Amino acid sequence: MTVELTNASKWYGNIVAVNDVSFTLSAGVTGLLGPNGAGKSTILHMIVGLLRPSGGTVTIAGTPSWQHPTIYRGLGFVPESEGVYAFLSGYEFVLLNARLQGVAEPAVAAARAIGLVELEQAQHRPIATYSKGMRQRAKIAAVLVHDPAVLLLDEPFNGMDPKQRLQMMALLRRFADEGRTVLVSSHILEEVDRLADTVLVIIGGRLAASGPSRVIRQLMTDRPHTFTVRTSDDRALAAALVRQSATTSVEFVPAGMSIRTADLGRFTRALPVLARDANVSILEVTPTDESLESVFSYLVQG
């Protein structure tokens, strides 16, 4: 089932949340990557028909998502917000969703969905007693109960421990291999890089970059990097660093040295060797431009 956005925009008065975004989703896992507030959740809400586009179109299998509730039969959406009834057990919550979707055998479907997310041991406990990671799995089970062809997940790994994340990633990969369309929104590059075939980078409501995961990773890795370095003898190390082709600039600042490099790999390998040869002790190395906002801004400028 294909999801398509064509010049989709959403604004609230003078505030533009999403600006002229176009992309097409089909079978496989696509990552929607961007810093908090970039417009990822707004895009998801337009896809599922909870928000009307201010401009452009959003369709699922050729049907506009806005005011066409029939699309929900083939759609599963996990919002970032809790969206669970704490007084229900996990099983009751998933069963309720099965009944709302008109599943033929709701009890069987609920048991199957709970098994998929490995929540069997806690399924009869009230959701109020669940950890955040368990509540996330209950939410995912609830949207899997009617076996949707399209899965949209907004920050689905929040609160999950490393084992649960790996299990959930494996499950989503399996769904993609079965021919489902899976869109996962995240602000964590490593999550998207490990899971997605294709990555859409959103910043400031715009589509800044798109392509295979390895290409987006390479773009982010190859960008210039800036570090603040503090040593026992800044001037001695600076003299050695400026002779390295990987070093773009060295500036003395109150915290030590601000060093800019165009080759992260070469710089990180050379730094300890140069310090040893100059008989200098490295006291601190701090990246100063590693926020997602700076990374994505570089992609926009590039």
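Do the conditions hold for Leu33, that is, is it buried (at least 17 other Cβ atoms within 10 Å of the Cβ) and out of contact with any Pro (no Cβ under 9 Å at 6 or more places or on another chain)? Steps first, please.
Details: buried (at least 17 other Cβ atoms within 10 Å of the Cβ): yes; out of contact with any Pro (no Cβ under 9 Å at 6 or more places or on another chain): yes.
Criteria met by Leu33.
Between residues in region 239-254 that are under 15 Å from Val273 (Cβ atoms) and residues that are surrounded by 11 or more Cβ atoms within 10 Å (Cβ to Cβ) and among the small types (Gly, Ala, Ser), which pairs lie under 7 Å by C-beta distance while being six or more apart or on different chains?
Every condition considered, the pairs that remain are Ala240/Ala278; Gln244/Ala270; Ala246/Ala262; Ala246/Ala270.
Take region 71-98 and flag every residue that is more than 26 Å from Thr59 (Cα to Cα) and not acidic (Asp, Glu).
Answer for region 71-98, where residues must be more than 26 Å from Thr59 (Cα to Cα) and not acidic (Asp, Glu): Val84, Tyr85, Ala86, Phe87, Leu88, Ser89, Gly90, Tyr91, Phe93, Val94, Leu95, Leu96.
With Val94, Val103, Val84 as the choices, which residue is buried (at least 21 other Cβ atoms within 10 Å of the Cβ), touching a helix residue (DSSP H, G or I) at 6+ places or on another chain (Cβ under 8 Å) and assigned by TED's automatic domain parsing to the domain that holds Val145?
From the options Val94, Val103, Val84, the qualifying one is Val94.
Tally the residues that are in a helix (DSSP H, G or I) and modelled with pLDDT of 95 or more, restricting the search to region 56-91.
So the answer is 2.
Determine which single condition Ala38 fails, assuming it passes every other condition in (1) under 18 Å from Met1 (Cα atoms); (2) within 24 Å of the chain's Cα centre (by Cα).
Answer for Ala38: the failing condition is (1).
Can you tell me which residue is nearest to the chain's Cα centre (by Cα) among those in region 181-205 that are under 12 Å from Thr30 (Cα atoms) and surrounded by fewer than 21 Cβ atoms within 10 Å (Cβ to Cβ)?
So, considering only residues that are under 12 Å from Thr30 (Cα atoms) and surrounded by fewer than 21 Cβ atoms within 10 Å (Cβ to Cβ), the one nearest to the chain's Cα centre (by Cα) is Glu191.
Taking region 109-131 on its own, how many of its residues are surrounded by fewer than 14 Cβ atoms within 10 Å (Cβ to Cβ) and in contact (Cβ under 8 Å) with a residue 12 or more places away in the chain?
Residues that pass the stated criteria total 3.
Filter region 156-182 down to the residues that are out of contact with any strand residue (DSSP E or B) (no Cβ under 8 Å at 6 or more places or on another chain) and closer than 18 Å to Ala113 by Cβ and list them by number.
Met160, Gln164, Gln167, Met168, Met169, Ala170, Leu171, Arg174, Glu178
Just for region 132-153: of the residues that are under 20 Å from Arg174 (Cβ atoms) and among the charged types (D, E, K, R), which one is surrounded by the fewest Cβ atoms within 10 Å (Cβ to Cβ)?
Restricting attention to region 132-153, the residues satisfying the condition of being under 20 Å from Arg174 (Cβ atoms) are 133, 136-153.
With among the charged types (D, E, K, R) added as a condition, the list becomes 137, 139, 147.
Numbers: Arg137: 25, Lys139: 26, Asp147: 15.
The qualifying residue surrounded by the fewest Cβ atoms within 10 Å (Cβ to Cβ) is Asp147.
Regarding Glu92, is this residue touching a Phe, Trp or Tyr at 6+ places or on another chain (Cβ under 9 Å), of a type outside the set (Ser, Thr, Tyr) and farther than 19 Å from Asp161 by Cα?
Answer is yes for this residue.
With respect to Ala270, is the statement that it is at pLDDT below 95 and either assigned to a strand (DSSP E or B) or in contact with a strand residue (DSSP E or B) (Cβ under 6 Å, 6 or more places away or on another chain) (or both) true?
So Ala270 fails the test.
The values are calculated or read from the model by the stated rules, or taken from the named source; none is laboratory data. Just so it is clear, the structure is predicted and the values come from calculations on it, not from any experiment. Glycine gets a Cβ as well: all are built from the backbone with ideal geometry, and neighbour counts include every protein chain shown.
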